[in-house]
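Written below as structure tokens is the structure these notes are about.
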Amino acid sequence: MGTVLGIVVGLVAAWLLLVAALALAAPRHGLLREALRILPDLIRLLRDLAADPGLPRGVRVWLGLLLAYLAMPFDLIPDFVPVLGYADDAIVVTLVLRAVVRRAGLPAVRARWRGTPEGFAALCRLTGLTL
């Protein structure tokens, strides 16, 4: 019984750490709203980048894992958790995208962006890159 309780406490503690990490990593100054607004274009971009054999394998692996995460039928943070419940996907996409864009380069991302120029500007703000 003590082992089961220890496992449950450990899982709850790990989940709380995940929630705290996502809260700290959330984009600031309205960027989260922008991320949610351009999420469909971001998903198309992620899919196109993941399928590009010209990009480094590590980038494609991260993108594949991210797409698998987005396809999961459940969220790591349930929707009833205020703010983070609905924003967890956008936060995770933003974190992975920052690393991918920095590694793949802005020209590779720009060439595959199918959204609006305003959406691309929002993407650059999210990833910390300059146009």
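Bear in mind that the values in this text are calculations on the coordinates, not laboratory data. Given the structure is predicted, the values throughout are model-derived calculations rather than measurements. Methodologically, a virtual Cβ is constructed for each residue, glycine included, from the backbone with ideal geometry; neighbour enumeration extends over all protein chains shown.
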Go through 68-81, 111-124, 88-101 and give me the packing order, highest mean Cβ count within 10 Å leading. 88-101, 111-124, 68-81
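May I ask you to compute the full-extension gain from Ile43 to Arg103, defined as 0.36 nm times their residue separation minus their alpha-carbon distance, rounded to one decimal in nm?
Working: separation 60, 0.36 × 60 = 21.60 nm, distance 1.80 nm.
Answer, rounded to one decimal: 19.8 nm.
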Shape category assigned to region 34-131 from the gyration tensor of Cα positions, a/c cut at 1.5: oblate
